[in-house]
Amino acid sequence: MNNMKQIYYKSTRGNEKLVKSAEAIARGLSADGGLFVPTSIPKLTIGLEELTHMKYKELAFTIMKEFLTDYSEKDIKESIDKAYDEKFDTPIIAPLVKRGEAFFLELYHGPTLAFKDMALSILPHLLKTAVKKLNNDKEMVILTATSGDTGKAALEGFANVEGTKIIVFFPEQGVSEIQKRQMVTQTGDNTFVIGINGNFDDAQNGVKQMLTDDSLLKRLADNNKMFSSANSINIGRLIPQVVYYFYAYTQLCNSGEIKIGEEINFSVPTGNFGNILAGYYAKKMGLPIKKLICASNENKVLFDFINTGTYDKVRDFVITMSPSMDILISSNLERLLYSISGQDVKKIKNLMEELSVNGKYEIDSTMKKELVDFYAGYSSEEETANAITEVYKTNNYVIDTHTAVSYVVYQKYLAETLDTTKTVIVSTASPYKFTPDVMKAIDVKYTGLNDFELIKEMCKITNIDIPAGIVDLEKRPVLHKIVCEKNKMQIQIEKILDI
């Protein structure tokens, strides 16, 4: 693999030295608070035609090796084999299904029923290899904030992984009952789950602060430990997500829906901007994507940004039925800004400082023009519920509350543009994770039943077995009971790590 161009990573905010992918993955976040980005997005070295013959694992290797140029072929293939195995309930890993005129890319066939499994089942293996490459004998402490799905997927990935501890913070009142139960029943001596009295942005801010706190990092180092992150701020989370955009495309080609080389759109339910950014990277690599449709719920900070060029987080935080998108600070947007500013780190640093001081920033007209790859829309709570009803009644297909947001915004895009380009709706979670809102939308008679009764009702109407990840979930003992104030997160870390 040494004949390939070496890809280096740098911080979005500074001229910190270039690092190889192993170091970027091990560190998670740059010391200056910036996110690691490749200095250039690698171009695909083989034709699309060749990709259509590949199964998911082969495709994953083909894409990921372009980004991980300091990993050996053996390292990458072993990580892929360990990640995409029987943990997924289908050998296809990420099936594309057609219902009516819509195509749904089902990214929830992994152990925790959400798209985060696509990356978090491989990240522990990439990280373990990275630590070895860096001759690092420190214990890795994986620090993670979650709006509902990342937490469980990260816990699942890192539970009992030697030489690591994983600590997850989640908004105590801001996740679904099933998401919460999945986390607080997590087994594994190295797993720690803490609810906070605050929202996801509070959890994410707390984690980012600790990842860049010099005195805390020094105390960790003195105790032979180091932090990393499983959030999508870690580039090792983002790279595996690029793969399924290509996979959706090859499935459309293989089913005869499109010709090789034809453009398609993706509609992506978006909170922290990681998933849709992976689509943007796929486009930059050479995948024929016409529009990336950025779908927001009522926390529509990204909708406003893409349409006006002003990012403004100073607004009410809405708790919606699509909690994984209840986010006002979309961390990964910083990577897009870096790209559309012509990699101007000074500009990014200024914008991020403005955001931190004033809660908002505005990009200039040159950067605004670069947003042409995106269309943004949002869905109200009522529209989201109606979409679940409509898709079920018309196609006998049950979608979750996040996929429904994506569906609504796709319909708005169609009405507004009359664009006939085939569009893939990225389906990010199983409806089984959000039973109360999904079942109530399907029929009001389900109102009042609890989440676990509704799992059984959903099984009846979908004829799909209850996924292994949540079978008997209500009977599993609660192992993690700590809840803390949002400004006391570090105290919890110090206790757990005894530093």
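Miscellaneous remarks
- Test for Ser324: is it surrounded by 20 or more Cβ atoms within 10 Å (Cβ to Cβ) and either without any contact (Cβ under 8 Å) to a residue 60 or more places away in the chain or part of a loop (DSSP other than H, G, I, E, B) (or both): no
- The condition (being in contact (Cβ under 8 Å) with a residue 60 or more places away in the chain and either among the hydroxyl-bearing types (Ser, Thr, Tyr) or closer than 30 Å to Leu44 by Cβ (or both)) is satisfied by just one residue among Tyr281, Tyr311: Tyr281.
- Among the residues of region 33-67, those identified as loosely packed, with under 15 Cβ neighbours inside 10 Å and either of a type outside the set (Lys, Arg) or touching a residue at least 40 places away in the same chain (Cβ under 8 Å) (or both) are Thr39, Ser40, Lys43, Thr45, Ile46, Gly47, Glu49, Glu50, His53, Glu58.
- Residues that are surrounded by fewer than 16 Cβ atoms within 10 Å (Cβ to Cβ) and either in contact (Cβ under 8 Å) with a residue 40 or more places away in the chain or β-branched (Val, Ile, Thr) (or both), drawn from region 344-357: Val357
- The one condition from (1) under 26 Å from the mean Cα position of the chain (by Cα); (2) of a type in the set (Val, Ile, Thr); (3) part of a helix (DSSP H, G or I) that Ile491 does not meet is (1).
- Residue match in region 435-454 (condition: over 30 Å from Leu287 (Cα atoms), of a type in the set (Gly, Ala, Ser) and free of Cβ contacts under 8 Å to residues at least 24 places away in the same chain): yes
- Taking helices (runs of 4 or more DSSP H) as the structural unit, those lying wholly within region 45-130 and holding at least 1 residues that are of a type in the set (S, T, N, Q) correspond to 56-67, 73-83.
- Filtered residues of region 441-456 (kept if part of a helix (DSSP H, G or I) and under 18 Å from Val175 (Cβ atoms)): Asp451, Phe452, Leu454, Ile455
- So Ile7, is it within 30 Å of Gln251 (Cα to Cα) and either outside any loop (DSSP other than H, G, I, E, B) or modelled with pLDDT of 95 or more (or both): yes
- So Thr420, is it closer than 24 Å to Glu101 by Cα and not in a helix (DSSP H, G or I): yes
- Checking Gly286, Gly206, Gly274, Gly195 one by one, the residue that is under 18 Å from the mean Cα position of the chain (by Cα) and either aliphatic (A, V, I, L, M) or modelled with pLDDT of 95 or more (or both) is Gly274 and no other.
- Remark: pairs (first residue in region 401-414, farther than 19 Å from Ala114 by Cβ; second residue modelled with pLDDT under 95; Cβ separation under 8 Å; 6+ apart in sequence or on different chains) = Tyr410/Ala102.
- Residue list for region 17-27, filter: assigned to a loop (DSSP other than H, G, I, E, B) and either closer than 30 Å to Gly261 by Cβ or at pLDDT 95 or above (or both): Leu18, Lys20
- Glu390 satisfies every condition listed in (1) among the charged types (D, E, K, R); (2) without any contact (Cβ under 8 Å) to a residue 60 or more places away in the chain; (3) not in a helix (DSSP H, G or I) except (3).
- Selection within region 295-316 - closer than 22 Å to Gln209 by Cα and touching an Asp or Glu at 6+ places or on another chain (Cβ under 7 Å): Asp312
- Restricting region 117-147 to residues that are basic (Lys, Arg) and farther than 13 Å from Phe158 by Cα, the residue that is surrounded by the most Cβ atoms within 10 Å (Cβ to Cβ): Lys133
The values are calculated or read from the model by the stated rules, or taken from the named source; none is laboratory data. For clarity, every value in this text was computed on a predicted model and none was experimentally measured. Please note: Cβ atoms are built from the backbone with ideal geometry, for glycine as well, and neighbour counts cover all protein chains shown.
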